[in-house]
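K.L.:
Structure provided below as C-alpha cells; questions to follow.
The values are calculated or read from the model by the stated rules, or taken from the named source; none is laboratory data. The structure displayed is predicted, hence computed values, not measured ones. Neighbour counts run over all protein chains shown; Cβ positions are idealised from the backbone, glycine included. Please note that ligands, DNA and RNA were not included when accessible areas were found on the heavy atoms of the full protein model with its side chains. Shrake-Rupley method; radii C 1.70, N 1.55, O 1.52, S 1.80 Å.
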Amino acid sequence: MGMVRESQFHVLAVDDSHLDRKMIERLLQKSSCQVTTVDSGSKALEFLGLRESNDQNALETHQEVEINLIITDYCMPGMTGYDLLKKVKESVAFRSIPVVIMSSENVPARISRCLEEGAEEFFLKPVKLADVTKLKPHMMKTKLKKEGEKPSEEENATLKPEESLVVEMILPLNQELELEQKEPMLSSNKRKAMEEVISADRSRPKYNDITTSV
C-alpha cells in the first residue's frame, strides 16, 4: 500500500499488477491527486473500513475514509473489479464515491454491465493522461456534495448562540402579547359588570343613603 503527500483529491487505485499500479499512480500524481494503491479488492474494502457481516451477509462500515474516487482493474484474482464496484455501491457510506473500471480487454458486454451497475467510466489499458483528466469532474462533484452537506448537518444538530438568544427573547415577547390581548377583554368584562351594578342601584329606592332591597 503506497501513499503520497496530501493534495486536493484522494484516489484509491486497485490493481493486482505492480506495473499497472505504478503507472496509474504516476498519472494521478501528475494531476495533483493524493493516491493510495492496493493490490486487491479485499484490501480496498479493508482500507475503506468495510467488512462483510457473517450474520446478514451485508457490508458494515467500521471507519470513515475521505476518498474522492476509486479506480480499479476489472480482472483480479479473488474479487474482481466488478465485485468491488457492487460492494461499494451497496454501502450507504460510500455509494456516492465515483468508481472507474480499467481493463486490457475490450468486451462490450463487460463494459455495459459495469456502467449499468454504477461505474462512471470504463478505461481500456494502458490508461493515458487524457483518460485521467476525465476523472476530475467526477471527483469535483463528490467534493462539492460533501462540503455542501456539512453546514446543514451542523445547523440541524444544534442552534447557534445568536439563534438561541433570539428564541429566549421571542418567548417572553409572545407571553407579553398574549397578556395584552387578554387585558382589553378583562377590562370590557369589568366595565359591563360595573354598569350592571350601577343600573341596579339606580332602580332601588334610597332613604338617607341607605339602600333598601325591594
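K.L.:
How charged is the neighbourhood of residue 134? Take every other residue with its Cβ under 11 Å from the Cβ of residue 134, and add Lys/Arg as +1 and Asp/Glu as -1.
P.N.:
-1
K.L.:
Oh, and also: Could you work out the local net charge near residue 105, counting Lys and Arg as +1, Asp and Glu as -1, over the other residues with Cβ closer than 12 Å to its Cβ?
P.N.:
Here the count lands on +1.
K.L.:
Using a 1.4 angstrom probe on the protein heavy atoms only, could you order 140, 79 from most to least accessible area?
P.N.:
Details: 140 80, 79 35 Å².
Ranked from most to least accessible, the order is 140, 79.
K.L.:
Would you mind classifying segment 9-49 by shape? Square roots of the alpha carbon gyration tensor eigenvalues, ordered a ≥ b ≥ c; an a/c under 1.5 is rounded, otherwise it is prolate if a/b is larger than b/c and oblate if not.
P.N.:
Details: a/c = 4.17, a/b = 1.32, b/c = 3.16.
It is oblate, given that a/c is not under 1.5 and a/b is not larger than b/c.
K.L.:
Can you tally the net charge around residue 19? Count Lys and Arg as +1, Asp and Glu as -1, for every other residue whose Cβ sits under 13 Å from the Cβ of residue 19. Could you put the intermediate results ahead of the total?
P.N.:
Details: positive: 21, 22, 26, 125; negative: 15, 16, 20, 25, 39, 73.
Result for the neighbourhood of residue 19: -2.
K.L.:
So if R0 is 45 Å, what FRET efficiency would residue 129 and residue 90 give, r being the distance between their Cβ atoms, rounded to the nearest 0.05?
P.N.:
0.90
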